[in-house]
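The values are calculated or read from the model by the stated rules, or taken from the named source; none is laboratory data. Because the structure is predicted, anything quoted here is derived from the model rather than measured. Please note: Cβ atoms are built from the backbone with ideal geometry, for glycine as well, and neighbour counts cover all protein chains shown. To get the accessible areas, we keep the full protein, side chains included, count just its heavy atoms, and leave off ligands, DNA and RNA. Shrake-Rupley method; radii C 1.70, N 1.55, O 1.52, S 1.80 Å.
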Amino acid sequence: MPELNLTGAPAHIRHGSNIGQPLTRRDGVLKVTGQATYAADNHPPGMLFAVIAVSSIAHGRVVSLDVAAAKRHPGVVDVMTPDHKPQLAIDPEIKTNPFVFRMEALQSNEVRYANQPIAVVIADTLEAATEGAVLLAPRYETLPPLVGLDAGASFVPPVVGVGNPTENHLGDVEAGLASADKQIDATYETPPQYHNAMEPHAIVVQWDGDRLSVDMPTQGLVLSLARIAELFGIAHDKIHIRSPFLGGGFGSKGLMGGPPVLGIMAAKLVGRPIKLVLRREQMYGPVGHRAPTRQRLRIGADGEGRLTALDHHARTVSSTFDDFYEPAADASHTLYAAPAIRTSHDAVRVNTGTPLFMRAPGEATGSIALESAIDEMAWACGMDPLAFRLKNYAEVEPITGKPFSSKALRACYDQGAARFGWAKRSLQPRQMRDDAGLLVGWGMGTATFPALMFQAEARAAIRRDGSGVMEIGAHDMGQGAWTALAQIAADAVGLDIDRVTFKAGTSDLPDAGIAGGSAHTATAGAAIHSAGAAVIAKLADLATGDERSPLFGAGNAGVIARDGRLIRRDDESRGESYAEILARAGVAEVEARGTGAPNPAAMEEYAMHAHGAVFAEVKVDPELGQIRVSRMVGAFAAGRIVNPHLVKSQLFGGMIWGMSFALHEQAITDRRSGRIMNADLGEYHVPVNADVPPLDVITVEEHDPHVNALGIKGVGEIGITGSAGAVANAVWHATGVRVRRFPIRIEDLLTQS
Ligand code: MOS
């Protein structure tokens, strides 16, 4: 569905600025009534079903598959294996840039992790394909798996994240620690976490000669298209990807991974359209995950509670065949002023699917360790955790010394603390109880996430009837891009949102870049803004150059676009409608393109981050150790808020993930087999509504003239950061027990208290 042109704007949205309005997501009704077409909802005629068979061992080799048995099953059409598959145009293991995810496209019989695809069964029905996959009954030659953070010799990766330096230094950390009055030396562990988006990875593929039509959720349409083009050796213009709706992405749909490639190969093999949808447990392997970390923090503070040094080392894991390293220690670059800071990383290789982006990669893991350690230091200094953070407030970015492009963190602390009632907190832990006798704890954490910009392009047009068009291959992962970007589009062309046809979600539209890094609204928004300005300038040229127009001679700078009219800036009573201008000029449509991109000069001069402060209350049963989060308040400053309704929703989601990080989520790997023992939604705990307390989000006003033309920072990921630490610190405050291995479990409180 390349075009979404709904009338969903509330009646009060009529004039003036669309940006800033709390519009309900315009695709919401489609979603709740089942009319939104997700990838797996497509059924091209003649379509077959493909089911992946995955490895039940983590390391070794497949020595046999009973292909004959699978093929004998009624309805099974073919079985794709390393020996029977279409050839790819290039080796899918070749990594030409950090945005290439090395994948399993059945290149060999080797098994490198549990749940690795080892064959694909293609059948008339999903049931037959599923049964066929069982009948393959693979036999293996098994090797001992490498499991966990101590699986082998560690090494220092060349870079972490996507190109971040592995180490950073400021000042003399050892001297800073030696001179400190108080020292903290604490090690924190975070578990592997897996993607459980509501919509599993799915693809529907149709080959038509050398043309390829793909329905697939993706956070990067053009990036995916380019990867498909190189893997299958076909021209970009022969490929069309539709991704109008995603049921969540969170990083797992950012890069083209193995399963959708197997779907395309299967369709080529049998010459029929194919649908391939991952089963829930198959998400625990080939589609990226959050790597485990072990983080050591050494912090020094002087007699007044000022930091003298901050040393943050993170160990993580990657797979045996690819390179993504969770940049956990980088969280310590930004938040607290210290004369000496060192961050460093090392890694070990294990038999796992390659870790990848997962909502706030690096910041989430690093933040829970840093915020815990800061809380420990505040206690060591006998200071309130908020007072301690204010004492060490960073007026410039600590690691670089650059000024912030904007930073309303102080206001976040103030407003969040006031709303929460923080001033009534006891300094000592285990002092507060509720009426039922439960231990009550209050904790806080600082939130941070970089304000990034990528590259994007948009096309704008004004049509003869005075309506507008905005085209951009943007991605709605559920965050509300269809709505927020359409609001930006409406303002960009000076029209009510209902008068703008907003097209997004397909690969033939201008490249919106990747919906990741919390940068999509800013980046795509900047492109939309600039395309709108360019098309209005063209329209203004038509009018101001025509002596029949009331705008004749006003010049571009002297004209503004509002409510479908151009008017003179110096005399707002003089103007004319877009339709009048185009009719007189005899032009059916004017169009223009615009781009969004990072601004290197501003990046050189300023540190750009969103910030926030999160406050959490937990209640702990003193006998049973049961932990409930009873309320959370988050105050966030993220530049201009395009749609407060959607932004709050994003921040709620992030805060829930943060709470989940502290208390729920954990993949448990069996050390002998290397298999994940809880690879399903029954045993891998994601919070359900009953786990989620009342949440309160405050969006703190912040004007940023440097990040981009619209002053937008991202909100997709920051909510996790700060929140995880706030909950962990609240558990300490309730119980007096400091748990440094996450998630915090009941038994941690029972055995230690
Ligand atoms: Mo996000 S982890 O950049 O999709």
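Look at where the Cα atoms of the range 653-700 and of the range 708-753 average out, and the two centres are 12 Å apart. Here the accessible area of the range 482-533 is 50 percent carbon and sulfur, with a 1.4 angstrom probe and all protein chains present.
Straight-line reach from LYS268: taking Cα to Cα under 19 Å and skipping same-chain neighbours fewer than 8 places apart, the aspartates and glutamates in range are ASP78, ASP83, ASP91, GLU104, ASP124, ASP208, ASP210, ASP215, GLU230, ASP237. Roughly how many percent of the accessible protein surface of the range 397-446 is carbon and sulfur, given a 1.4 Å probe and a whole-percent answer? The C+S portion of the solvent-accessible surface of the range 397-446 is 48 percent. Rounded to the nearest 20, the Cβ-based charge dipole of the range 600-753 about its Cα centre (Lys and Arg +1, Asp and Glu -1) stands at 320 debye.
Within the range 673-690, whose backbone N sits under 15 Å from a point 7 Å along Cα→Cβ of ASP434? Hits in the range 673-690 for ASP434 at 15 Å: 690.
Its Cα centre serving as origin, the chain has a Cβ charge dipole (Lys and Arg +1, Asp and Glu -1) of approximately 600 debye.
In the chain, the ratio of gyration radius to Kirkwood radius, Rg to Rh, stands at 1.00 when only Cα atoms are counted. The largest accessible area among LYS424, LYS648, LYS31 belongs to the first residue in LYS424, LYS648, LYS31, and the rest follow in falling order (1.4 Å probe, all chains). Membrane-span-like helices of the chain, defined as complete DSSP H segments with a Cα extent of 15 Å or more along the helix axis and a mean Kyte hydropathy of at least -0.5, are identified as 221-232, 258-270, 363-380, 409-420, 481-492, 520-544, 644-663, 723-735. Loop exposure criterion: GluC sites (Glu not before Pro), DSSP state outside H, G, I, E and B, at most 15 other Cβ atoms within 10 Å. Applied to the chain, the longest stretch between such sites is 396-546. Ranked from largest to smallest solvent-accessible area, with a 1.4 Å probe on the protein heavy atoms, THR130, THR343 come out as THR130, THR343. Our summary gives the range 432-525 a relative contact order of 34 percent, counting only alpha carbon pairs under 8 angstrom and 6 or more residues apart. Per atom type, the range 231-382 shows carbon and sulfur on 50% of its accessible surface, probed at 1.4 Å.
Between the beta carbons of GLU591 and GLN107, assuming R0 = 35 Å, the FRET efficiency works out to 0.20 to the nearest 0.05.
So what's the gap between the Cα centers of the range 482-503 and the range 504-528, to the nearest angstrom? Measuring centre to centre over Cα atoms gives 15 Å. For the cross-link pairs LYS407/LYS538; LYS253/LYS402; LYS85/LYS238; LYS238/LYS275; LYS253/LYS713; LYS503/LYS538, the ones whose C-alpha atoms lie over 29 Å apart are LYS407/LYS538; LYS253/LYS402. Here the spin labels are modelled as points 7 Å beyond Cα on the Cα-Cβ line, and at GLU683 and ALA89 they lie 4.3 nm apart. For the chain, the solvent-accessible area with a 1.4 angstrom probe is 36 square angstrom per residue.
The per residue volume of the convex hull around the alpha-carbon atoms of the range 85-148 is 150 Å³.
Share of pairwise Cα-Cα distances greater than 15 Å in the range 350-416 is 69 percent (whole percent). Once C-alpha pairs closer than 8 Å and six or more residues apart are averaged by separation and normalised to the residue number of the chain, the relative contact order reads 17 percent.
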